[in-house]
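Peer 1: Take this structure, written in structure tokens, and hold onto it; I'll ask about it next.
The values are calculated or read from the model by the stated rules, or taken from the named source; none is laboratory data. Predicted, not measured: the structure shown is a model, and the values here were computed from it. Counting neighbours? That spans all protein chains shown, and the Cβs are built from the backbone with ideal geometry, glycine included. We work out accessible area using only protein heavy atoms, side chains counted, and drop any ligands, DNA or RNA first. Shrake-Rupley method; radii C 1.70, N 1.55, O 1.52, S 1.80 Å.
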Amino acid sequence: AQSVTQPDIHITVSEGASLELRCNYSYGATPYLFWYVQSPGQGLQLLLKYFSGDTLVQGIKGFEAEFKRSQSSFNLRKPSVHWSDAAEYFCAVGAGAAGNKLTFGGGTRVLVKP
Amino acid sequence: DSGVTQTPKHLITATGQRVTLRCSPRSGDLSVYWYQQSLDQGLQFLIQYYNGEERAKGNILERFSAQQFPDLHSELNLSSLELGDSALYFCASSRTGADTQYFGPGTRLTVL
């Protein structure tokens, strides 16, 4: 069974500082990996995805993530955080062509200090 | 705006009642997924439909059912509601049954 762990429940970062959110997954085959962001009272917006190919993927809003198979990780990064990045971030793994239900991590809530 | 629409946005009802949540996928998408987001369980996959047929099932209770209609919109029916069913219910859609899912804004269900 697939699973996703986001070890950090809350992260507080100063505006302009860098941000890294951790994600570890468990899946038997090559996973489809996603990061979604949920702002208060909003739905889930796709930030980026990894299916195959280049292990460093670029997303929207200046985010990037790196797939590391050896560490079963897909960490999300942003070099300089803006106040509007305050939200909850979810990592998810999908089985792709084998059946595409998404399994989500517990989420990391990001607070941005001025 | 993902292009996925969900109605209603909010729903308040009483225990024992039945409700129907509606989802319209993005134009051209054939697959619809339902997820439940609650404080204690997090985001959980409920069920997937592809072009009218059930494709995958997750931790969906027997009191819950869903269907996808010929025009590809989907409905999630929740019956004999309990306090613990209070949650945010998301619909997502994808072009095929195995690619990126785009989420709607959700329906917040409150059971009193």
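Peer 1: Of the residues A:93, A:37, A:57, which exhibits the maximal mean-square fluctuation in a Gaussian network model of chain A defined by a 10 Å Cα contact cut-off?
Peer 2: Comparing A:93, A:37, A:57 in a Gaussian network model of chain A, the most mobile one is A:57.
Peer 1: Something else about it: Can you run the Rg to Rh ratio on segment A:1-101? Use alpha carbon positions and the Kirkwood inverse-distance Rh.
Peer 2: 0.96
Peer 1: Considering only the other residues whose Cβ falls under 11 Å of the Cβ of residue B:8, what net charge follows from Lys and Arg at +1 and Asp and Glu at -1?
Peer 2: In short, +3.
Peer 1: Keeping all protein chains in place, calculate the accessible area per residue for segment A:1-57 (probe 1.4 angstrom), answer in Å².
Peer 2: Result: 49 Å² of accessible area for each residue.
Peer 1: Something else about it: Taking the alpha-carbon set of the protein assembly as shown, what are its Rg and Dmax in Å?
Peer 2: For the protein assembly as shown, the Cα radius of gyration and maximum Cα-Cα distance read 17.4, 51 Å.
Peer 1: So which GluC sites (Glu not before Pro) in segment B:52-85 pass both tests, a DSSP loop state and at most 13 other Cβ atoms within 10 Å of the Cβ?
Peer 2: B:62, B:82
Peer 1: May I ask you to give the solvent-accessible area per residue for segment B:1-85, in square angstrom, as obtained with a 1.4 angstrom probe?
Peer 2: Accessible surface, normalised per residue, equals 53 Å².
Peer 1: Only bridges whose two residues both fall in the protein assembly as shown count here: according to DSSP, what percent of them are antiparallel, nearest 5?
Peer 2: 90
Peer 1: Okay, next question. Remind me, relative contact order of chain B in percent, using alpha carbon pairs under 8 angstrom and six or more residues apart?
Peer 2: In percent, rounded to a whole number, it is 37.
Peer 1: Report, ordered by chain and residue number, the lysines lying within cross-link reach of residue A:68, taken as a straight Cα distance under 25 Å and ignoring same-chain residues fewer than 8 apart.
Peer 2: Filter leaves A:49, A:78, A:101.
Peer 1: Put a dot 7 Å past each Cα toward the Cβ at residue A:39 and residue A:71; how far apart are the dots in nm?
Peer 2: 3.0
Peer 1: Tell me, which longest segment in chain B has none of the trypsin sites (Lys or Arg not before Pro) that fall in DSSP loops with at most 13 further Cβ atoms within 10 Å?
Peer 2: In chain B, the maximal stretch lacking such sites is B:64-112.
Peer 1: For peptide A:31-41, what's the mean number of Cβ atoms from other chains within 10 Å of each residue's Cβ?
Peer 2: 2
Peer 1: Something else about it: Are there residues in segment A:67-114 whose accessible area shrinks by at least 20 Å² when all protein chains are included rather than the chain by itself, and which are they (probe 1.4 Å, ligands and nucleic acids not counted)?
Peer 2: Those residues are A:90, A:97, A:100, A:101, A:102, A:104.
Peer 1: How about segment B:30-51: which of its residues lose at least 50 Å² of accessible area in the presence of all protein chains relative to their chain isolated, using a 1.4 Å probe?
Peer 2: So the qualifying set is B:43.
Peer 1: Calculate, in nm to one decimal, what residue A:2 and residue A:111 gain on full extension: separation in residues at 0.36 nm each, minus their alpha carbon distance.
Peer 2: 36.4 nm
Peer 1: Just to be sure I understand the curve: with the Debye formula and one point per C-alpha of chain B, what is log10 I(q)/I(0) at q = 0.09, 0.17, 0.19 Å⁻¹?
Peer 2: Reported log10 I(q)/I(0), two decimals: -0.20, -0.73, -0.91.
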